[in-house]
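Notes to accompany the following structure.
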Amino acid sequence: MAKGKDPRSLLPLTPAVFQILLALSDRERHGYGIMQEVKNQTGGRLNPGPGTLYGCLNRMLEAGLVKESDERPDPELDDERRKYYRVTNLGRHVSRLEAERLEEAVHAARLKKLLPAVQSAGLDWRVG
Amino acid sequence: MKGRDIFLHLGCGFYAVLLYAYPPEFRARYKKEMIRAFKDDLHHTLRNGSLWSQILFPLQMANDFLTSASRERIESLDAMGMSCLVAASGIGLYASYVDHHNATEVYPTLSIALIGSFLLGLIRPTHPCRWAFAIAPWIPFAGSISNMRDRITSPGAWAILAVVLIPSLIGAVAGSLIRRGIGLRAEITKEA
């Protein structure tokens with residue numbers, strides 16, 4: 001299903017799916033690990049329970065955004081009943097496109113002065 | 001065994017039962033992982049969480065359960081299943097309307113719930129109880145949004161729901177059994 005699919009057709013992502021992709025972008029994680037990471041990276045604003053998490057993972061597996069990992073990070077320290085998930089190349093591409101889409105939205109909000117202007121390395125979004 | 005461990009075991013057992021609300025395929029694939037994640041979360045909350053987070057935990061889990069189970073159920077339905085769900089909602093709304101206009105008589109409402117769920121069980125015999133659960137809640141809770149909060153907190157409304165569920169379940173299961181019986185008979189005749 002994932003092969004040959006236009007990544008842009010999967011946009012926009014829901015906040016939960018985007019946060020799960022971000023949580024998996026640096027390393028493989030199991031279900032509870034993803035829940036904790038999503039909670040941490042959103043400052044507790046998004047706190048997915050097992051139902052929401054596995055519902056999203058089910059759709060993401062079908063879309064080819066993530067896959068179950070064959071390797072275990074540290075088998076001796078870990079419960080072997082846990083399944084680990086990792087992001088696929090398509091998932092990484094889609095999350096980058098979603099991040100760009102959100103960046104464009106923030107840029108538009110700055111142009112409309114809904115957000116304060118920011119000057120950072122190489123980027124100047126000041127208006128007026 | 002500490003009180004916390006007992007609470008952990010009871011919580012996981014209760015959550016395992018709740019997972020029957022999810023579609024069978026989804027449950028078969030993720031049940032173990034979901035219980036594992038729930039157990040880790042509950043363990044972490046009981047061990048490290050504040051009193052406030054321990055109070056909030058069941059509410060968050062209830063919210064997660066209700067939203068995700070209903071979503072997975074709806075997504076698992078095909079066109080016929082979705083049509084039956086819409087029909088069940090229509091029957092429930094009609095029964096609610098009849099109930100509202102016959103305050104002294106309960107039999108018309110119960111009859112509609114019984115016949116409606118029977119027909120749906122006949123049309124779609126797999127998991128017939130879902131039709132009863134799709135019809136019954138409309139009867140005590142449908143109406144204007146303004147007094148919805150009063151009705152949800154009213155014990156009387158929940159008592160009506162319990163009463164209406166009985167004929168709805170009987171009707172749906174009876175319809176399903178008859179349909180399965182007809183199917184079985186047709187197969188036997190075909191083989192003969």
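Just so it is clear, none of the values below were taken in a lab; they were calculated from the coordinates. In this text the structure is predicted, and so the values were computed from the model without any measurement. No Cβ is skipped: glycine too gets one built from the backbone with ideal geometry, and neighbour counts run over all protein chains shown.
Results, tabulated for the structure shown:
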{"item": "Residue satisfying condition, being β-branched (V, I, T) and in contact with a Phe, Trp or Tyr (Cβ under 8 Å, 6 or more places away or on another chain), within set B:T45, B:T67, B:T104", "result": "B:T45"}
{"item": "Condition met for B:R185 (without any contact (Cβ under 8 Å) to a residue 60 or more places away in the chain, surrounded by 12 or more Cβ atoms within 10 Å (Cβ to Cβ), farther than 19 Å from B:A87 by Cβ and not hydrophobic (A, V, I, L, M, F, W, C))", "result": "no"}
{"item": "Counted residues, segment B:29-54 - those being within 9 Å of another protein chain (Cβ to nearest Cβ) and either in contact (Cβ under 8 Å) with a residue 40 or more places away in the chain or among the basic types (K, R) (or both)", "result": "4"}
{"item": "Odd one out for A:T42 among (1) more than 12 Å from chain B (Cβ to nearest Cβ); (2) more than 23 Å from B:A62 (Cβ to Cβ); (3) within 13 Å of the chain's Cα centre (by Cα)", "result": "(2)"}
{"item": "Residues being over 22 Å from B:A69 (Cβ atoms) and either aliphatic (A, V, I, L, M) or assigned to a loop (DSSP other than H, G, I, E, B) (or both) - total across segment B:92-124", "result": "16"}
{"item": "Of all residues making up segment B:8-28, the number that are surrounded by 14 or more Cβ atoms within 10 Å (Cβ to Cβ) and touching a residue at least 24 places away in the same chain (Cβ under 8 Å)", "result": "9"}
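Okay, residues lined up against (1) at the interface with chain A (Cβ under 10 Å from one of its Cβ atoms); (2) surrounded by 14 or more Cβ atoms within 10 Å (Cβ to Cβ); (3) more than 26 Å from B:G156 (Cβ to Cβ):
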site	(1), (2), (3)
B:A69	yes, yes, yes
B:S76	no, no, yes
B:A79	no, no, yes
B:C84	no, yes, yes
B:A88	no, yes, no
B:S96	no, yes, no
B:A103	no, no, no
B:P108	no, no, no
